[in-house]
1. Mind jotting down the three principal axis lengths of region 132-275 based on Cα atoms? Whole angstrom, largest first.
2. Write down Rg/Rh for region 8-124, rounded to two decimals, with Rg from the C-alpha atoms and Rh from the Kirkwood relation over Cα pairs.
3. So, by mean Cβ neighbours within 10 angstrom, what's the order for 123-129, 135-141 with the highest one leading?
4. In nanometres, what is the gap between the two model label sites at Leu110 and Val23, each 7 Å from Cα along Cα-to-Cβ?
5. Can you run phi through the Karplus equation (6.51, -1.76, 1.60; θ = phi - 60°) for region 15-21 and list ³J(HN,Hα) in whole Hz, with x for Gly and Pro?
6. For the chain, what does the equivalent ellipsoid look like in terms of its semi-axes, each the square root of 5 times an eigenvalue of the Cα gyration tensor, given largest first in whole Å?
7. For region 39-52, what does the Karplus curve 6.51 cos²θ - 1.76 cosθ + 1.60, with θ = phi - 60°, yield as ³J(HN,Hα) per residue in whole Hz, taken in order and with x for Gly and Pro?
8. Report the gain in length on full extension from Asp223 to Met175: 0.36 nm times residue separation, minus Cα-Cα distance, nm rounded to one decimal.
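No value in this document is a laboratory result; all are computed from the given coordinates. Predicted, not measured: the structure shown is a model, and the values here were computed from it. Methodologically, a virtual Cβ is constructed for each residue, glycine included, from the backbone with ideal geometry; neighbour enumeration extends over all protein chains shown.
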Amino acid sequence: MPISAVDKIWMNGELVDWPDAQVHVLTHALHYGSGVFEGIRAYKTERGPAVFRLTDHLERLQRSAKLYFMELPYTVAQLAQATKELIHENGLEHCYIRPIVYRGYGEMGLFPLEAPIDCAIAAWPWGTYLGDEGVKHGVRVKVSSIKSLDNNAITPAAKACGQYLNSQLAKIEVMKGGYEEAVMLNNAGFVTQGTGENIFMARGGQIVTPPLSTGLLEGITRDAVIHIAASLGHDVIERDFTRSDLALADEAFFTGTAAEIVPIREIDDHPIGEPGPLTQEIQRVFHEVTAGRSSAFARYLEYVDEAVKA
Ligand SMILES: Cc1ncc(COP(=O)(O)O)c(C=O)c1O
């Protein structure tokens, strides 16, 4: 999906002009994938732009960095303030936000600990990742032959740059086959997640999502959906399931910051159908939350203008 440029990018503590946010071609992360990042969204509300679970995302960034022995050069509070100032400075009402912490220029080779750590935050307006039609009517998905990352190969618990080669292979495979998104399985054959989303299914009124031990990213939208579902009286069960369980599901959907909540209408050519009542209810409440119209989940929003003025 194309990026639409705005004025400024935050880089190592300073706001720089968008075209000047450059790195050297010998940047360590460019060669070895040695970086960690986040994907966050800010939404338009009556109180100005509000970032959805900003601190939770930045804390995950810190955990991802820890798993790769990278020390964040800024605190979570500093990065949160920098994000809000960046959104304000660029005059964005809503946007996608991409903080990245990466090993920079100066060292080559696979012992990375001497390389400098650089940090940048970009934000730009970005539409829904799997398309408006997908959000309304669901997407066609296929189980990929590319397996999910194994806990003992590259940890799926971190959101690290290099691991997305795995997602890209799966996504390319299914898109070349005419599908819109891939579902990935672990080596034991259990469903883990999409290429950039977590996954839920419902059968007989019960909502299920794979447990973290399957090998998946602990999504912040996943967590929000578990809490939203509970507030609607539906406990989400975390248990293993297979591709045949998905084919027999009454409802299924992806969750993620970029995708938000996207129904799955077909899996491996088995129809699941138009978005069902549970999916629609969760989608509706999620949009109320992100628009700042839910008092029950007001804690999920961090407002930009108020923080910048303060
Ligand atoms: C592999 C993967 N799984 C799940 C997710 C969903 O996570 P979140 O809801 O925090 O965006 C993402 C997106 O960040 C992802 O890349």
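1. Computed over the Cα atoms, the extents are 38, 30, 28 Å.
2. Numbers: Rg = 14.5 Å, Rh = 14.6 Å.
That ratio equals 0.99.
3. Working: 123-129: 17.6, 135-141: 19.6.
My ranking of the peptides, most packed first, is 135-141, 123-129.
4. Those two pseudo-labels are separated by 2.0 nm.
5. 3J(HN,Hα) across region 15-21, in whole Hz: 8, 10, 5, 3, x, 8, 7.
6. Values: eigenvalues 196, 121, 56 Å².
Its equivalent ellipsoid spans semi-axes of 31, 25, 17 Å.
7. With the stated coefficients, region 39-52 comes to x, 9, 10, 10, 10, 6, 9, 5, 9, x, x, 10, 8, 7 Hz.
8. Working: separation 48, 0.36 × 48 = 17.28 nm, distance 2.78 nm.
Working it through step by step, the gained length comes to 14.5 nm.
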